[in-house]
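Since the structure comes first, as structure tokens, the remarks are kept for the end.
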Amino acid sequence: MKINYDKRALEVTGITGNGGDYFASNFNNAEGWLKTAWVDAAGGTKAAKAGDALFTIAFKIKDDASLGDKVLTVVKQTDIDDFTFTDTSAVEMDKTLKAGKVKVSNAVVIAVTGVTVTPGTLSLAAGGAPGTLTAAVVPANATNAKVTWTSSNTS
């Protein structure tokens, strides 16, 4: 199966097979397509049922992506080379494709409201034991909880 996607907004980071005993995939982010193949080589012992997810695509939304729906399009749905399902006798089966899309929306940013440093006071003696300071960002689920340590006296 070949699927086209909006290369200006989306980047495939991985494709994982969810069943069968053979799964292969590749993708080209520069051109905006991905291909998958899923096979039950045992002839029906691991057959897909209606509603089964055959594979999962992981996308990264590009920083400069425009907002809105990004449609995923199966290329040539009527072409047996690009979109096919067969029974255990290799006879082409009826199939239905549910259209897919990825919705790009504004990210929810959780701002840092404070940083707690413990211990509140740390006294060190020259040549003595080292000490440890620990920083905790508040809230803990802040979008960017990165802490950078600096000193006004590095000597």
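The values are calculated or read from the model by the stated rules, or taken from the named source; none is laboratory data. From a predicted model like this one, the values you see are computed outputs, not experimental measurements. When we count neighbours, we look across all protein chains shown, and the Cβ atoms used for this are built from the backbone with ideal geometry, even at glycine.
Being at pLDDT below 90, assigned to a loop (DSSP other than H, G, I, E, B), not hydrophobic (A, V, I, L, M, F, W, C) and not assigned by TED's automatic domain parsing to the domain that holds residue 57 holds for only one residue in 88, 96, 150, 132, and it is 150. When the residues of segment 1-25 are filtered to those that are hydrophobic (A, V, I, L, M, F, W, C) and at pLDDT below 85, the one that is nearest to residue 100 (Cα to Cα) is 1.
Within the set 32, 68, the sole residue that is closer than 22 Å to residue 103 by Cβ, surrounded by 11 or more Cβ atoms within 10 Å (Cβ to Cβ) and modelled with pLDDT of 90 or more turns out to be 32.
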